[in-house]
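Notes follow the structure.
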Amino acid sequence: MQFGFTLKPENSIERTLALTRQAEAAGFTHGWLFDSHVLWRDPYPLLTLMAEATEEMRLGTCVTNPATREPSVTASSLATLDELSGGRMDLGIGRGDSARRVLGKPPTTMATLEEAIRVIRALVAGDKIAYEGTDLHFPWTTGWDLPVWVAGYGPMALAMIGRVADGVILQLADPDLIAWFVGQIRDAEKAAGRPAGSVRVQAAAPAHVGDLVNRYPREQLPEALTGYIHDREGYDYLHHAEVGSSNAGFVGDEVTDRFCVLGSVDDHVAKIQVLAAAGVDQFNIYLMNGDEEAVLETYGREIIPATRELAVGRS
């Protein structure tokens, strides 16, 4: 099992770097940033500083999209960051949710997303590629192998992920749902002629060690911690993943335990064991619900050592 963390680019630059250094020292292998340019700071300058502050940690967006970020621009940024970091960049990409909706625009299409993945991966690798009627090539890059993680859940998304992705980002920690999604991805891999297990599985979800639900009034819990959205009409994307947001009213009480990782150290270890059995390769903590330093410290001291050698289920 690998471990990652995701930050909203709302912290001070100093704290972002301090958390990144602490995470690497604690044994986290991946550091991710949200990309929603109106809501938060631009991730790419921060990824540059995070790369300079770390030695081995892989870094990337969780997630960008091909509509607010033109694919050749994204490719150029990632190829440059690969050069700067010694090839430690990953791409997390999706159709665009908050980044597009906050502009009053819908997410892009699956076809556009799949084409963007093809273009970005090829350009970062130093290949020549035809895109929108023009031949493109980065003459300045030495060529990098860019792992591409795709966020998605629907049948069309999972089929595309099985065809072309290196990894899937599932923004939940519900083992039953994850096993169901993984089964569809394995079927899509087989249909595309790829070996089973070609697509790595990331569960991205909030985590808190201790009894968070009873420590805070429900109205103060962040949307990211309280899971299911029963009815997304009226969801305020200007306050996406914001602690104390009125968006918490869209969720039910029963989902916290299923969609997050909560409780004692033993509870975390047990949940991660179940996630590994469901097919999860990387648990990515949405590190934005308070006590971030304490969460990293506890994971590094107790939880990562107890779960690092878990065998991942290949259902």
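A compact table of results
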quantity	calculated
Segment 84-96 - residue that is in contact with a Pro (Cβ under 6 Å, 6 or more places away or on another chain) and closer than 15 Å to ALA67 by Cβ and, of those, modelled with the lowest pLDDT	GLY96
Search result, residues across segment 173-195 that are closer than 24 Å to PHE3 by Cβ, in contact with a helix residue (DSSP H, G or I) (Cβ under 7 Å, 6 or more places away or on another chain) and open to solvent by 10 Å² or more (accessible area, probe 1.4 Å)	PRO175, ALA179, PHE181
Unmet criterion (only one of (1) modelled with pLDDT of 50 or more; (2) within 30 Å of VAL102 (Cα to Cα)) for PRO222	(1)
Residue list for segment 145-161, filter: at pLDDT 95 or above and either within 17 Å of the chain's Cα centre (by Cα) or acidic (Asp, Glu) (or both)	ASP145, LEU146, PRO147, VAL148, TRP149, VAL150, ALA151, GLY152, ALA157, LEU158, ILE161
Residues satisfying the stated conditions in segment 155-172, i.e. open to solvent by 30 Å² or more (accessible area, probe 1.4 Å) and within 20 Å of ASP97 (Cα to Cα)	PRO155, MET156, ALA159, GLN171
Subset of segment 1-45 that is touching a Ser or Thr at 6+ places or on another chain (Cβ under 8 Å) and among the charged types (D, E, K, R) - its residue that is surrounded by the fewest Cβ atoms within 10 Å (Cβ to Cβ)	ARG21
Matching helices (runs of 4 or more DSSP H) fully within segment 46-146 where at least 3 residues are surrounded by fewer than 17 Cβ atoms within 10 Å (Cβ to Cβ)	71-85, 110-124
Conditions (1) exposed (fewer than 15 other Cβ atoms within 10 Å of the Cβ); (2) touching an Asp or Glu at 6+ places or on another chain (Cβ under 8 Å); (3) not small (Gly, Ala, Ser); number of the one not met by VAL265	(1)
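The values are calculated or read from the model by the stated rules, or taken from the named source; none is laboratory data. No experiment lies behind these values; they were computed from the predicted model shown. Counting neighbours? That spans all protein chains shown, and the Cβs are built from the backbone with ideal geometry, glycine included. These accessible areas exclude ligands, DNA and RNA; they are computed on the full protein's heavy atoms, side chains included. Shrake-Rupley method; radii C 1.70, N 1.55, O 1.52, S 1.80 Å.
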